1. Looking only at residues that are under 16 Å from A:Thr10 (Cβ atoms) and assigned to a loop (DSSP other than H, G, I, E, B) in the range A:39-53, which one is farthest from the other protein chains (Cβ to nearest Cβ)?
2. Is it true that A:Leu68 is over 12 Å from A:Glu14 (Cα atoms), buried (at least 18 other Cβ atoms within 10 Å of the Cβ) and within 14 Å of another protein chain (Cβ to nearest Cβ)?
3. Search the range B:169-178 for residues being surrounded by fewer than 20 Cβ atoms within 10 Å (Cβ to Cβ) and aromatic (Phe, Trp, Tyr), and hand back the single one that is farthest from B:Pro356 (Cα to Cα).
4. Collect the residues in the range B:179-232 that are among the small types (Gly, Ala, Ser), surrounded by 24 or more Cβ atoms within 10 Å (Cβ to Cβ) and away from every other protein chain (no Cβ under 14 Å), keeping them in residue-number order.
5. Sort out which residues of the range A:27-38 are assigned to a strand (DSSP E or B) and away from every other protein chain (no Cβ under 11 Å), and write them in order of number.
6. Surrounded by 14 or more Cβ atoms within 10 Å (Cβ to Cβ), within 20 Å of A:Leu7 (Cα to Cα) and of a type in the set (Val, Ile, Thr), is that true of A:Ile79?
7. Quick one: is B:Tyr166 surrounded by fewer than 16 Cβ atoms within 10 Å (Cβ to Cβ), farther than 30 Å from B:Gly235 by Cβ and of a type in the set (Phe, Trp, Tyr)?
Amino acid sequence: MNFPEGLKYTKDHEWIKVEGNVGTIGITDFAQSELGDIVFVDVDPDLEEVTFGESFGTIEAVKTVSDLYSPCTGKVLEINPKLEDEPQIINGDPYGEGWIIKVEISDPDELNKLMDSAAYKAQLNQ
Amino acid sequence: MKKTKLFPVHEKLGAKIVEFAGFAMPVQYRSIIEEHLAVRNSVGVFDVSHMGEVIVKGEKALDFVQYITVNNAAKLTPGRVQYSAMCYPDGGIVDDLLVYKISDDEFMLVINASNIEKDFNWMNENNKFGVELRNESDEFSLLAVQGPKSQETIQKIIDKPLDIEYYHYFYANVAGVDMLVSCTGYTGELGYELYFKGDEKTAEHVWNTVFEAGKEFNIQPAGLGARDSLRLEMGYCLYGNDIDKTTNPLEAGLGWITKLKKGEFIGREALLKVKEEGLKRKLVPMVSDERAFPRHGYDLSKDGKVVGYITSGTVSPVLQKPIALGYVDVQFANEGETVNFVIRGKEIPAKIVTLPFVKKS
């Protein structure tokens, strides 16, 4: 399983890629594999803000439904438009095409509470 | 956790293993949706060896089966199979099952894995006919080969023409192993179930031979996930979801197997009363055009009031729409009526339809 360096991870299996003050958020390879076939991603199209540690939507897979927890606080810039018709791209490419939202990060200090790739991998193996 | 004799095969295939009814079972190999579509479009194989088999033997075997099940087993002849259920005296369901008539003094009852111990105890408690009851669940392996290409697949490795009709069985040699071959399944497709005994090596040999035969049809292993979505597209009940000891067969849409006029059986008095008084609720199939995922336990509402609950739900891989079964108060349980799935506080309109959800072409 793949957990790219340079991303930050939550214990709830989201990742965030930080570029300047913009964070791109998705779910990890582990999460997509546990969920199995993803049928749709439910993020309110009118969503304006996300808050660190709070749910910003749900992801529905054949087996189960799972909340999406935000790894940062900030203003929502974009929701991945491809997920509407092809949610299964998250299964195929969780860190690339399968990103979920982009956020303008308002409190970069919160990111220090997240794990790096090695720490995330270590807690999965626990 | 118990393991079927094919467990090493599932591990080798990299299946995702989950606990189901005390067994370590494959829930999926690669993708539930792909496995589902392989069965609908070509052929797939399920290891369902966790199912239970009880042999009923004795002069009064038929009397026993008639007493303990709701369908009319007197209609069976050797070589035929019947879908049936066992009820408690209050009409609640002990289990649903398949009844195989082997001979005038022998039947095989195929029961759900989660209920093996409970059912076997129940049969023994109600054995006032002095029949011999043998729980052979651990001895049988059971493969369900399902899909439009299942017949062509098995025909290559069986020692006689595979010409049995739906809900019939015969004995044959498949892949060099003597077994019971039954034209049954839980998918709504043409399909066969192979009951055989023997060790892990035998089971693996049968599995591999079936896969070799089905290669040209791109045969796929299918797990419990696809088994569940396939049965739900047909509206087949799952014990523990849609039926249990708190539901009776009449409200569950199983009136067609409940033969109240066949004579005495456990639960008959209660079911006659239910029939006389009329149903309070009914298990109905529902489809929505919205983007939603109905699941077991969610409420059903109408005009702001809870009118029932969902017992099984999924997004149909064939229809690509949310489908569900659920109990609804009888005044709303009519085809064409609209009810709502209540999903995390949101009401999602759904329409009551008729089964199966997926019609065969």
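The values are calculated or read from the model by the stated rules, or taken from the named source; none is laboratory data. As the structure is a prediction and not an experimental result, all values here were calculated from the model. Please note: Cβ atoms are built from the backbone with ideal geometry, for glycine as well, and neighbour counts cover all protein chains shown.
1. Of the residues in the range A:39-53, the ones under 16 Å from A:Thr10 (Cβ atoms) are A:50-53.
Checking the rest, the ones that are also assigned to a loop (DSSP other than H, G, I, E, B) come to A:51-53.
Values: A:Thr51: 18, A:Phe52: 22, A:Gly53: 19 Å.
Across the range A:39-53, the extreme among qualifying residues is A:Phe52.
2. Details: over 12 Å from A:Glu14 (Cα atoms): no; buried (at least 18 other Cβ atoms within 10 Å of the Cβ): yes; within 14 Å of another protein chain (Cβ to nearest Cβ): yes.
Judged against the criteria, A:Leu68 is not a match.
3. In this case the residue turns out to be B:Tyr171.
4. B:Ser182, B:Gly185, B:Gly191, B:Ala203, B:Gly214
5. Just the residues of the range A:27-38 that are assigned to a strand (DSSP E or B), to begin with: A:27, A:38.
Of everything in the range A:27-38, just one residue is assigned to a strand (DSSP E or B) and away from every other protein chain (no Cβ under 11 Å), namely A:Ile27.
6. On the way: surrounded by 14 or more Cβ atoms within 10 Å (Cβ to Cβ): yes; within 20 Å of A:Leu7 (Cα to Cα): yes; of a type in the set (Val, Ile, Thr): yes.
Yes; evaluated as a whole, the condition is true for this residue.
7. Values: surrounded by fewer than 16 Cβ atoms within 10 Å (Cβ to Cβ): yes; farther than 30 Å from B:Gly235 by Cβ: no; of a type in the set (Phe, Trp, Tyr): yes.
The answer is no for B:Tyr166.
Condition check ((1) within 15 Å of B:Asn241 (Cβ to Cβ); (2) touching a residue at least 24 places away in the same chain (Cβ under 8 Å); (3) touching a helix residue (DSSP H, G or I) at 6+ places or on another chain (Cβ under 8 Å)) across all residues:
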site: B:Gly278; (1), (2), (3): no, yes, yes
site: B:Arg281; (1), (2), (3): no, yes, yes
site: B:Ser288; (1), (2), (3): no, yes, no
site: B:Ala292; (1), (2), (3): no, yes, no
site: B:Asp299; (1), (2), (3): no, yes, no
site: B:Thr311; (1), (2), (3): yes, yes, no
site: B:Val328; (1), (2), (3): no, yes, no
site: B:Ala333; (1), (2), (3): no, yes, no
site: B:Thr338; (1), (2), (3): no, yes, no
